[in-house]
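First comes the structure, then the notes that go with it.
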Amino acid sequence: MDLHIGLLGCGTVGAGVVSLVRRRAGKVADMTGSRPVVKSILVRDVSKDRGVVFEHERLTQEPRDVLEDEDIQVVVETIGGIEPAKTYILQALSRGKHVVTANKDLIALHGPEILRVAAENHASVLFEAAVGGAIPLVGPLKENLTANEVTDLKGIINGTTNFILSEMTTRHIDFEEALDMAQSLGYAEADSSSDVDGLDAARKLVILSSIAFHTQVHLSDVKVVGIRHITATDVRYADELGYVIKLLAVGRDHGGELTLSVRPTLIPKVHPLAHVSDAYNALYVRGDAAGDLMFFGRGAGRMPTASAVVGDVISLVRNLKLGYVVSSPNGTMSYKPVVEREDERYKYYFRLIAHDQPGVFAAIAQFFGEANASMETVLQKRVHGGCAEIVIVTHEIPSASARQMQLQLQDILHIHSVECVMPVESAAE
Ligand SMILES: NC(=O)c1ccc[n+]([C@@H]2O[C@H](COP(=O)([O-])OP(=O)(O)OC[C@H]3O[C@@H](n4cnc5c(N)ncnc54)[C@H](OP(=O)(O)O)[C@@H]3O)[C@@H](O)[C@H]2O)c1
């Protein structure tokens with residue numbers, strides 16, 4: 001028996017879904033007795049070349065050919081963005097169709113509403129591809145690790161920024177040049193702001209944290225700093241000090257209170273996350289029973305993302321055969337406030353430009369001493385124009401102190417500018 005799928009969108013991911021469904025149809029039929037078949041595909045332009053040869057699949061510009069077709073049991077959404085994807089998904093669910101989506105923006109912003117409508121209509125919504133491309137993250141957090149209290153999520157979950165920072169590290173180039181390369185190679189979109197300003201990673205962190213910590217977090221809960229201000233100079237100093245700079249997403253459950261952040265962070269070269277390069281993604285998960293786990297793989301791309309989408313489709317086919325639906329990732333959710341913990345301790349990297357005069361270093365050392373921030377490493381380089389560049393890595397200090405020091409340093413007589421302040425990850429916890 002055929003199980004009909006309606007596909008919304010047939011771009012990078014959608015075209016991969018068409019070919020992978022075809023490739024696996026026979027195997028799924030052998031396993032479940034149902035052969036998945038893509039019946040109709042909604043696009044904007046039916047004449048466009050999509051790098052895939054269509055056989056029995058029908059391309060259409062009419063949404064109701066997918067949403068109102070009684071034969072279609074599963075709708076796969078690969079349009080992206082909020083509208084019209086949200087309206088189409090809600091329409092499909094309200095007709096009792098099951099939905100698979102790769103849309104992180106939509107799930108991060110409207111996940112609770114979509115899951116509620118799904119539950120009201122006894123339909124399933126699966127979204128493994130929304131975070132981490134091919135890497136199984138949603139499934140393990142939702143199912144395999146459910147016996148754990150997950151306390152920590154820490155990872156590199158945006159491939160574009162990781163590619164840019166990797167290029168800056170290996171080629172010693174500035175941010176703008178690395179961004180141009182990412183765009184010309186198709187790793188970054190023409191409008192790259194969502195990636196480079198950290199929003200894409202923040203949305204993924206919202207999805208992962210809501211599942212891992214059994215609560216509902218919002219995008220505004222995440223403290224986000226992007227990578228635009230990172231310079232080749234910072235990357236070079238980080239390298240000299242034994243670190244690499246990564247855009248790190250961190251979610252922590254401190255006994256019922258959460259902290260969530262996405263920000264550039266110095267990672268020791270010996271740390272496994274330091275070796276996650278190019279467009280790869282990785283996520284560390286700490287569970288009270290499982291201990292530390294690391295998930296690693298391709299976070300984007302046609303076939304890696306199709307792998308996660310079609311994996312969800314096959315789960316649905318299996319579930320339908322068994323007669324159950326998956327309507328909520330979390331079951332009953334608890335309320336956990338998201339806070340900014342002033343006492344969270346990190347080492348910090350400070351890069352300052354100071355007037356190259358006698359007594360400057362003594363003044364800076366006195367300032368750090370009075371702030372109770374002992375220095376682990378100090379580099380001082382002469383730069384032009386009568387100014388010297390000073391890089392300091394502190395021992396662990398509360399994040400509130402680092403913020404306050406950053407502000408107060410501007411007022412020290414001999415300091416010309418505070419160029420960059422970043423947290424530094426420990427080698428091992
Ligand atoms: N690309 C990746 O590596 C990747 C990785 C993980 C997750 N995702 C997610 O997967 C989703 C799809 O991404 P993508 O890269 O495949 O996007 P894409 O290449 O831009 O494809 C979007 C598709 O949607 C169709 N579309 C757009 N607006 C439409 C509308 N109003 N009505 C009908 N069809 C419409 C387009 O039709 P036309 O072709 O006719 O213009 C196109 O086929 C997004 O949510 C994205 O965040 C992507």
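The values are calculated or read from the model by the stated rules, or taken from the named source; none is laboratory data. Everything numeric here is computed off the predicted structure, so don't read it as measured data. For neighbour counting, all protein chains shown are included, and Cβ atoms are generated from backbone atoms with ideal geometry for every residue, glycine included. Protein only, heavy atoms only, side chains kept; ligands, DNA and RNA dropped before computing areas. Shrake-Rupley method; radii C 1.70, N 1.55, O 1.52, S 1.80 Å.
General remarks:
- Mean Cβ count within 10 Å, highest first, over the residues of peptides 79-87, 227-235: 227-235, 79-87
- Under 11 Å, Cβ to Cβ, from Ile245 - net charge with Lys/Arg +1 and Asp/Glu -1: 0
- The chain: calculated mean residue ellipticity at 222 nm from DSSP helix runs of at least 4, using -39500 (n - 2.57): -10500 deg cm²/dmol
- Placing R0 at 25 angstrom, the Cβ-Cβ distance between Leu293 and Glu257 gives a FRET efficiency of 0.60 after rounding to 0.05.
- Solvent-accessible area per residue, Å², over the stretch 91-160 with all protein chains present [probe radius 1.4 Å]: 32 Å²
- Difference of contour (0.36 nm per residue) and Cα-Cα distance, Asp152 to Ala362: 71.7 nm
- The slack between Thr231 and Asp30, meaning 0.36 nm per residue of separation minus the straight C-alpha distance, is 66.9 nm.
- Here's the list of aspartates and glutamates a cross-link from Lys347 could span, going by alpha-carbon distance under 14 Å and ignoring same-chain residues fewer than 8 apart: Glu376, Glu396, Glu425, Glu429.
- Rounded to 5, percent antiparallel among DSSP beta bridges of the chain: 70 percent
- Estimated at 0.36 nm per residue, the fully extended path between His218 and Ala371 surpasses their Cα-Cα distance by 51.7 nm.
- In the chain, the portion of solvent-accessible area held by carbon and sulfur atoms comes to 49 percent [1.4 Å probe, whole percent, DNA, RNA and ligands not counted].
- Exceeding the 31 Å Cα-Cα cut-off - candidates Lys269/Lys336; Lys104/Lys246; Lys48/Lys142; Lys223/Lys321: Lys269/Lys336; Lys48/Lys142; Lys223/Lys321
- Shape call, the stretch 175-243: gyration tensor on alpha carbons, a/c limit 1.5: oblate
- Taking the average, over residues, of other Cβ atoms within 10 Å as the packing measure, peptides 383-394, 255-266 rank 255-266, 383-394 from highest down.
- Structural descriptor for the chain: relative contact order 16 percent, calculated from alpha carbon pairs under 8 angstrom and at least 6 residues apart.
- Mean separation of Cα contacts under 8 Å (6+ apart) over length of the stretch 138-298, as relative contact order %: 34 percent
- Relative contact order [Cα under 8 Å, 6+ residues apart], the stretch 345-424, whole percent: 50 percent
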